[in-house]
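Down below is the structure, laid out as structure tokens.
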Amino acid sequence: MSVDDDAVVDQDFQKWHNGGGTFHKSAYIHRTAVIEFGAVVHSQSLLGENVSIGSGVVVGPDVTIGQSTRVGYNVALTNCTIGDSCVIHNGVCIGQDGFGFLVDEQGNMLKKPQHLNVKIGNHVEIGANTCIDRGSWRDTIVGDHTKIDNLVQIGHNVQIGKNCMICGQVGIAGSVTMGDYVTLGGRVAIRDHVCIASRVRLAASSCVTKDINQPGDYGGFPAMPIGKWRRQVAAQRQTFK
């Protein structure tokens, strides 16, 4: 790169007055936003009033962050919109490609296109080191007031309703659809393309292998109504005595 090219780069990215971070001149950033030293906001991104961006954050091109949202350290945001009054904890990655591949006629793995986005609602909290993949055939969506714990994986095309509670180490495979007020205990696993009705609660370490159409409590592998699961566990204990 020539000296002249370096000069152009310096002109495109400038220092933000409130925190010392770096922003692209085409980004729209409300004057009350804080961008801490070491953070970078890329082209055409939009940061609303009272947004706080921690050190080490990368806000990719065309990302929108709503007012009063707080983003912790070392977060990567691409191909996404974040609503108002959200909390994004340290190390979160949102908007990266989902895990989608196909096998060609020669038996080689080919990547499926991942071109869509992630849409995070208002008042959502996302725990540290959680990953939410962008969509391939529909946007990945997290509804308003949903709370997500640390170390959660949400695959591409997943759509999660409002006021859901997702505990640590949950894995949600691609194209899952969840209703409102769903609670997932720690280490719950949900297979791809499953639908879960509103007001379902899943016990920790359950595995959902097929649709759950009725509200209620479920548990086990495969997940079943909680009463049936408890009877199975009790019967197994009696068998091994």
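The values are calculated or read from the model by the stated rules, or taken from the named source; none is laboratory data. Keep in mind it's a predicted model, so treat the numbers as computed, not measured. Glycine also receives a Cβ, built like all others from the backbone with ideal geometry; neighbour counts cover every protein chain displayed. What goes into the accessible areas is simple: the full protein's heavy atoms, side chains included, and nothing from ligands, DNA or RNA. Shrake-Rupley method; radii C 1.70, N 1.55, O 1.52, S 1.80 Å.
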Amide H contacts of D180 (H built 1.01 Å from N, under 5 Å, at least 5 apart or other chain): K162, S198, R199
- prompt: How would R31, R191, R199 line up by accessible area, probe 1.4 Å, largest first?
  reply: R31, R199, R191
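Given Cβ point charges of +1 (Lys, Arg) and -1 (Asp, Glu) and nothing else, what value in debye, to the nearest 20, does the dipole of the chain about its Cα centre take?
Working: 21 positive and 21 negative charges, 338 e Å.
Value, rounded to 20: 1620 debye.
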message: Considering only protein heavy atoms and a probe of 1.4 Å, how much of the accessible area of region 87-241 is carbon and sulfur, as a whole percent?
response: 53 percent
Cβ charges +1 (Lys, Arg) and -1 (Asp, Glu), total dipole of region 155-241, debye: 440 debye
message: What's the magnitude of the charge dipole for region 19-145 around its Cα centre, counting Lys and Arg as +1 and Asp and Glu as -1 at the beta-carbon? Answer in Debye, nearest 20.
response: 200 debye
query: Which one, (i) 12.7; (ii) 16.1; (iii) 17.1, gives mean projected area of the Cα convex hull in nm² as derived from the coordinates shown?
result: (iii)
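Given the rule -39500 (n - 2.57) for each run of at least 4 DSSP H residues, summed and divided by the residues of the chain, what is its mean residue ellipticity at 222 nm, to the nearest 500 deg cm²/dmol? Let's see the in-between values first.
Working: 2 runs with 24 residues, N = 241.
The helix-only estimate for the chain comes to -3000 deg cm²/dmol at 222 nm.
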message: Name the residue from I166, T32, F221 whose Cα lies farthest towards the positive end of the charge dipole of the chain, charges +1 on Cβ of Lys and Arg and -1 on Cβ of Asp and Glu.
response: F221
task: Enter the Cα centre distance for the pair region 143-176 and region 177-241, rounded to the nearest angstrom.
output: 16 Å
- line: Calc'd 3J(HN,Hα), region 80-94, phi into Karplus 6.51 cos²θ - 1.76 cosθ + 1.60 (θ = phi - 60°), Hz, glycine/Pro = x, comes to 8, 10, 10, x, 7, 6, 8, 10, 10, 7, 4, x, 5, 10, 10
task: Give the long-range amide H neighbours of V34: residues separated by 5 or more places, or on another chain, with amide H under 5 Å away, using H modelled in the peptide plane at 1.01 Å from N.
output: V51, S52, I53
query: Which of these, T64, T209, T146, has the largest mean-square fluctuation under a Gaussian network model of the chain (Cα springs below 10 Å)?
result: T209
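Below 8 Å between Cα atoms, with a sequence gap of 6+, how large is the relative contact order for the chain in percent? Intermediate values should be presented prior to the final figure.
On the way: 757 pairs, mean separation 19.8, N = 241.
Relative contact order, the chain: 8 percent.
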query: Within straight cross-link reach of K228, meaning Cα distance under 14 Å, which aspartates and glutamates are found once same-chain residues fewer than 8 apart are removed?
result: D217
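Calculate, for region 1-160, the solvent-accessible area per residue in square angstrom, rolling a 1.4 angstrom probe over the heavy atoms of the protein chains. Before the final figure, lay out the partial values.
Working: 7840 Å² over 160 residues.
That works out to 49 Å² per residue.
Determine the shape class of region 1-137: with a ≥ b ≥ c the square roots of the Cα gyration tensor eigenvalues, call it rounded for a/c under 1.5, and otherwise prolate if a/b is greater than b/c, oblate otherwise.
Verdict is oblate for region 1-137.
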- prompt: What are the ³J(HN,Hα) values, in whole Hz, obtained from phi via the Karplus relation 6.51 cos²θ - 1.76 cosθ + 1.60 with θ = phi - 60°, for each residue of region 128-133 in sequence order, with x given for Gly and Pro?
  reply: 4, 6, 7, 10, 10, 7
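Multiply the residue separation of R191 and A234 by 0.36 nm, subtract the distance between their alpha-carbon atoms, and state the gained length in nm to one decimal.
On the way: separation 43, 0.36 × 43 = 15.48 nm, distance 2.63 nm.
Answer, rounded to one decimal: 12.8 nm.
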Relative contact order (percent, whole number), region 30-155, Cα cutoff 8 Å, 6+ residue spacing: 18 percent
